[in-house]
Each structure stands twice: as C-alpha cells, then as structure tokens.
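Chemist: The structure is given below, and queries will be raised subsequently.
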Amino acid sequence: MWQYYIILGLGVLFLVWAIYSFRSTMVFLKKADKTTATVIDLHKFESEGEVFAPIFTFRTKDNQLITYELAEGNNPPAWKIGEQTTVIYDPSDPYRVSLYSYFRVFMWTLVLLSVALPLIVIGGGYFIAARFLL
C-alpha cells in the first residue's frame, strides 16, 4: 500500500511542477516580443551520423541583430536556408528565444502533465477503489 502513496505523491509533485512551468511560460509570453527569423545557415555536426541544425537571425525592436541556433537537428535538414518562421524572445534578454509554436512554447508543461496525470490516476485510483470497491 505504501507504494501507492509514493506514486500519488510523485504525481502531485509533477502536477505542481507542471503548474509552475505553465505559469512561467505565461509570464514569458506576456512580456515576449514576436518577430520573423530567417535561416541563414545550417550547422552540421556529428550525432550518430550527420545532423543539421538551423541557425536563425532576426532583429529585435531595438534593431539589434540576434543569431540563434536551434538546439536540435535533423537529417535530412528540416529547414532550408532563406526559410522564415516566427520567433518570440525576451526583450530584456534577446538571446532567450523560442520558435513560436504551441508545442515548443508549452513543451515542458505538456511533458510534465503527461507524467503527472497517469501517476495521479494510478495512485489515487487505488485509494478510491479501496474505499468504494474493496
């Protein structure tokens, strides 16, 4: 029975972490500026074969030119030189950049929730079943 306390506790812990992640993301989105970035180059590196990571450039509202390399790569390349996308960045720290898509913005919240909810269902389900079914 003690295992279910641990499972439920971990689920609640991950849920609190997901809520904190969501809150941090919303604070970032409220203060972030949105702009268009252009792929200027593809960084080739070895990671179980050749992988290509796009390097973006964009201008801030202060007309500062920022270069940003995506921390992931693909083979074949997912981006082409000259391709454009929307990015969001922190005006006080323009090197804090994210591609502007739902999954990229809320990725950690979604990952944490996908861990938390099954743990809560399993851990909490035991106590509900023990009270009403057993």
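Nothing in this text is a laboratory measurement; each read-out follows from the coordinates by a stated rule. All figures in this text were calculated on a predicted structure; none of them were measured in a lab. Here Cβ is always computed from backbone atoms with ideal geometry, including for glycine, and neighbour counts include all displayed protein chains.
Chemist: One residue is enough: does the range 15-22 have a residue meeting the conditions exposed (fewer than 14 other Cβ atoms within 10 Å of the Cβ) and over 30 Å from PHE127 (Cα atoms)?
Modeler: no
Chemist: Here's another thing I want to ask about it. Being within 13 Å of PHE56 (Cα to Cα), out of contact with any Asp or Glu (no Cβ under 8 Å at 6 or more places or on another chain) and surrounded by fewer than 15 Cβ atoms within 10 Å (Cβ to Cβ) is the filter here, so list the residues in the range 79-102 that pass it.
Modeler: LYS80, GLY82, GLU83, GLN84, THR86, TYR95
Chemist: Return the residues of the range 99-122 that are among the small types (Gly, Ala, Ser) and touching a residue at least 40 places away in the same chain (Cβ under 8 Å); say none if nothing qualifies.
Modeler: First pass over the range 99-122, keeping only residues among the small types (Gly, Ala, Ser): 101, 114, 116.
Listed by number, the list holds a single entry, ALA116.
Chemist: For the range 103-134, give me the residue count where each residue is under 26 Å from the mean Cα position of the chain (by Cα) and not aliphatic (A, V, I, L, M).
Modeler: Final tally of qualifying residues: 7.
Chemist: Give the residue, chosen from VAL97, VAL121, that is within 30 Å of LEU8 (Cβ to Cβ) and either touching a Lys or Arg at 6+ places or on another chain (Cβ under 7 Å) or not basic (Lys, Arg) (or both).
Modeler: On inspection, the qualifying residue turns out to be VAL121.
Chemist: Could you check the range 85-116 and list, in sequence order, the residues that are of a type in the set (S, T, N, Q) and over 16 Å from GLU69 (Cβ atoms)?
Modeler: Initially, the range 85-116 is screened for residues of a type in the set (S, T, N, Q), giving 85-86, 92, 98, 101, 109, 114.
THR86, SER92, SER101, THR109, SER114, listed by residue number.
Chemist: Something else: Among the strands (runs of 3 or more DSSP E) confined wholly to the range 1-79, which include 3 or more residues that are of a type in the set (D, E, K, R), within 19 Å of THR109 (Cβ to Cβ) and under 17 Å from the mean Cα position of the chain (by Cα)?
Modeler: Result: empty, no element qualifies.
Chemist: Let me ask you something else. Checking the structure you have, find out if any residue of the range 61-78 is touching a Lys or Arg at 6+ places or on another chain (Cβ under 8 Å) and of a type in the set (Ser, Thr, Tyr).
Modeler: no
Chemist: Under 28 Å from ILE7 (Cα atoms) and touching a residue at least 40 places away in the same chain (Cβ under 8 Å): does that describe PHE132?
Modeler: no
Chemist: Counting just the residues of the range 80-106 that are part of a strand (DSSP E or B) and among the aromatic types (Phe, Trp, Tyr), which one comes out nearest to TYR20 (Cα to Cα)?
Modeler: TYR89
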